[in-house]
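Peer 1: First, the structure itself, so that you have it in front of you.
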Amino acid sequence: MLTAHRAAPLSGTIRVPGDKSISHRALMFAGLAIGQTRIDGLLEGEDVLRTAAAMRALGAIITHDSPGRWRVTGAGLGGLTEPEDVLDMGNSGTAARLLCGILASHPIFSVMTGDASLRRRPMARVITPLSETGARFAARGGNRLPLAIEGATDALPLDHRMTVASAQVKSAILLAGLNARGTTRIEEPVPTRDHSENMLRHFGADIRVAADGAGRIIELDGQPTLRAANITVPGDPSSAAFPIVAALTVPGSRIRIESVGLNPLRTGLFTTLAEMGAALAITGRRTEGGEPVGDIDITAADLRAVDVPPARAPSMIDEYPVLAVACAHAHGTSRLRGLSELRVKESDRLAATAALLQANGITVAIEADDLVITGAGGPPRGGGTVATHMDHRLAMSALILGAATREPVTVDDASFIDTSFPGFVALMTTLGCVFA
């Protein structure tokens with residue numbers, strides 16, 4: 001258990017850990033390339049370390065040189081070896097689903113599992129399309145882990161229309177398409193984060209993206225020669241969300257976060273906070289490893305309620321719990337729309353976020369797939385104990401709430417935070433947060 005107490009004004013300059021989505025992909029693409037790739041700023045949380053272990057088991061040579069700095073000598077596309085043991089993906093749905101794409105198009109047998117939380121999460125969304133490559137899958141009831149995969153001997157390219165806005169599903173299909181003969185085509189009615197597309201270009205793949213109304217058409221030519229290419233991983237905007245909301249809601253606060261990823265398909269939270277009256281100033285815009293990056297100055301603000309359209313969800317799907325914390329401080333009633341995807345995260349995040357707020361005196365309701373929050377117009381009461389359900393983002397959101405509530409907020413388990421944000425407690429403490 002860990003308790004957050006009301007903090008004095010927060011101040012300081014920090015860097016958040018490397019982007020988790022980019023870190024997973026950097027290890028995977030480097031492991032499929034020819035030559036040695038140096039990765040700087042890699043997130044060293046448990047989720048990403050599971051990806052590193054899996055790629056090692058498949059034949060990539062991966063070396064940890066110093067904090068954040070890694071070297072990967074790839075096995076080459078089509079050169080993966082059959083793992084000798086079960087691949088344990090821990091709590092990482094991203095690692096499990098993306099790795100399914102790699103394994104589907106390589107003629108090897110593998111078995112994948114995860115922790116209790118991951119074994120409850122649905123895998124049909126990747127199993128169904130990837131089966132069309134010629135791969136065979138055998139899963140537990142409900143298409144859940146453990147999962148046995150027999151990769152296709154001569155994988156077929158896919159022509160797939162996305163029915164759910166999911167960067168994980170899209171990336172799994174692209175990864176499968178790398179080792180397939182012909183062109184893989186994806187129709188994406190709602191654009192999702194494009195880290196895979198950016199990184200494919202970085203490693204030399206022939207990938208084309210064209211606008212199609214409000215969506216996009218993505219085409220990837222199979223069996224390219226991927227070549228090693230060094231990567232600098234920007235700070236994770238999903239991790240930056242926590243100190244940002246803390247600084248906005250603790251009166252008198254002013255902080256700076258350096259080198260944050262600003263990919264426009266990841267910055268829905270920043271747009272939403274600006275609509276709420278947040279004072280966010282972005283400076284030092286630049287490009288690193290194909291991704292836009294900048295520094296963010298945050299000043300405490302008097303927030304107003306917001307109505308978030310469902311179309312914005314793909315650009316901020318991981319940030320809704322901490323956005324709900326910001327809405328709890330706002331003047332008026334906020335409505336966060338179209339959150340069905342939150343029901344299949346590490347927990348049912350929609351229900352768990354509502355419970356987090358209710359436990360701390362905040363009026364909240366779930367209406368279909370919308371979350372409706374009546375803000376306190378200032379610091380909420382607090383005083384609750386939050387059930388985290390093995391979900392790192394719920395734990396961090398509750399602790400951020402407790403930094404500004406009138407009474408302390410306790411989480412029942414903070415041990416999972418390091419899966420995505422190693423050093424969260426220490427870093428927030430340097431800004432002035434008080435945990436005990």
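Peer 1: Of Leu226, Ile257, Ala180, which is farthest towards the positive pole of region 175-285's charge dipole, taken about the Cα centre with +1 and -1 on the beta-carbons of Lys, Arg and Asp, Glu respectively?
Peer 2: Ile257
Peer 1: Pulled fully out, how much extra length does the chain show between Ser415 and Ala281, if you take 0.36 nm times their separation in residues and subtract their Cα-Cα distance?
Peer 2: Between Ser415 and Ala281, full extension yields an extra 45.0 nm.
Peer 1: Give me the number: length gained by fully extending Thr183 to Ala148, i.e. 0.36 nm times residue separation minus the C-alpha to C-alpha distance, one decimal in nm.
Peer 2: Stretched fully, the Thr183-Ala148 segment lengthens by 10.0 nm.
Peer 1: In which sequence would Ile373, Ile207, Ile149 go, from the one with the fewest C-beta neighbours within 10 Å to the one with the most?
Peer 2: By the 10 Å Cβ count, ascending: Ile207, Ile149, Ile373.
Peer 1: Suppose we keep just the DSSP beta bridges with both residues in the chain; what percent of those would be antiparallel, to 5?
Peer 2: Antiparallel bridges make up about 75 percent of those DSSP assigns within the chain.
Peer 1: Between Thr249, Thr184, Thr271, which gets the highest mean-square fluctuation from a Gaussian network model of the chain, Cα cutoff 10 Å?
Peer 2: Top of the fluctuation ranking is Thr271.
Peer 1: I've got another one for you. Averaged across orientations, what area in nm² does the convex hull of the alpha carbons in region 280-429 project?
Peer 2: The directionally averaged projection comes out at 9.4 nm².
Peer 1: Moving on. Show me, bin by bin at 5 Å from 0, the whole-percent P(r) of region 278-327 based on Cα pairs.
Peer 2: All Cα pairs considered, the percentages come to 5, 14, 17, 22, 23, 15, 4, 0.
Peer 1: Could I ask something else about it? Have a look at the DSSP beta bridges in region 326-421 and tell me what percent are antiparallel, nearest 5.
Peer 2: Looking only at bridges with both residues in region 326-421, the antiparallel portion is about 75 percent.
Peer 1: Okay, helix-only estimate at 222 nm for the chain: each DSSP H run of n ≥ 4 adds -39500 (n - 2.57), divide by all residues, round to 500 deg cm²/dmol; what do you get?
Peer 2: When only DSSP H runs of four or more count, the value is -8500 deg cm²/dmol.
Peer 1: Then there is this: Given N residues in region 1-85, what is Rg(Cα) / (2.2 N^0.38 Å)?
Peer 2: Rounded to two decimals, the normalised Rg is 1.41.
Peer 1: Does anyone have the angle between helix 349-358 and the longest principal axis of the chain? Alpha-carbon axes, 0 to 90°, nearest 10?
Peer 2: Orientation of helix 349-358: about 10 degrees from the principal axis.
Peer 1: Related question: Convert each backbone phi in region 74-83 into a coupling constant with the Karplus relation 6.51 cos²θ - 1.76 cosθ + 1.60 (shift: θ = phi - 60°), then list the ³J(HN,Hα) values in order as whole Hz, x for Gly and Pro.
Peer 2: For region 74-83, the Karplus-derived couplings read x, 7, x, 4, x, x, 5, 10, 5, x Hz, x marking Gly and Pro.
Peer 1: Right, another one. I need the Debye-formula profile for region 137-263: one equal scatterer per C-alpha, no solvent, reported as log10 I(q)/I(0) at q = 0.11, 0.21 1/Å, two decimals.
Peer 2: After summing over all Cα pairs, the log10 values are -0.56, -1.21.
Peer 1: Give me the orientation-averaged projected area of the Cα convex hull of the chain, in nm², one decimal.
Peer 2: That works out to 18.2 nm², a quarter of the Cα hull's surface.
Peer 1: Within region 341-419, report the trypsin sites (Lys or Arg not before Pro) that DSSP leaves as loop and that have at most 14 other Cβ atoms within 10 Å.
Peer 2: Hits after loop and neighbour filter: Arg381, Arg406.
Peer 1: Can I ask one more? Among Arg121, Arg266, Arg161, which one shows the highest mean-square fluctuation when the chain is modelled as a Gaussian network with alpha-carbon springs under 10 Å?
Peer 2: Among Arg121, Arg266, Arg161, the largest mean-square fluctuation in the Gaussian network model of the chain belongs to Arg161.
Peer 1: With labels modelled as points extended 7 Å from the Cα through the Cβ direction, what inter-label distance (nm, one decimal) is found for Ala124 paired with Ala368?
Peer 2: Output for this residue pair reads 2.2 nm.
Peer 1: Would you mind calculating the gained length between Leu265 and Ala214 on full extension (0.36 nm times residue separation, minus the Cα-Cα distance), in nm to one decimal?
Peer 2: Contour length minus Cα-Cα distance gives 17.0 nm.
Peer 1: Return the Rg/Rh value of region 192-326, two decimal places, where both radii are evaluated on C-alpha atoms and Rh is the Kirkwood radius.
Peer 2: 1.03
Peer 1: Oh, and also: Order these peptides, 60-67, 127-134, by their mean beta-carbon neighbour count within 10 angstrom, highest first.
Peer 2: 127-134, 60-67
Peer 1: Let me ask you something else. Cα axis of helix 320-329 to longest principal axis of the chain: angle in degrees, 0 to 90, nearest 10?
Peer 2: 10 degrees
Peer 1: Something else: How far is helix 20-32 tilted off the main Cα axis of the chain, in degrees rounded to 10, range 0 to 90?
Peer 2: Helix 20-32 sits roughly 10 degrees off the main axis of the chain.
Peer 1: Report Rg/Rh for region 11-55, rounded to two decimals, where Rg is the Cα radius of gyration and Rh the Kirkwood radius.
Peer 2: 1.07
Throughout, read-outs are computed from the coordinates displayed, never taken from laboratory work. Here the structure is a predicted model, which means the values were calculated and not measured. Backbone-built Cβ (ideal geometry, glycine too); neighbour counts: all protein chains shown.
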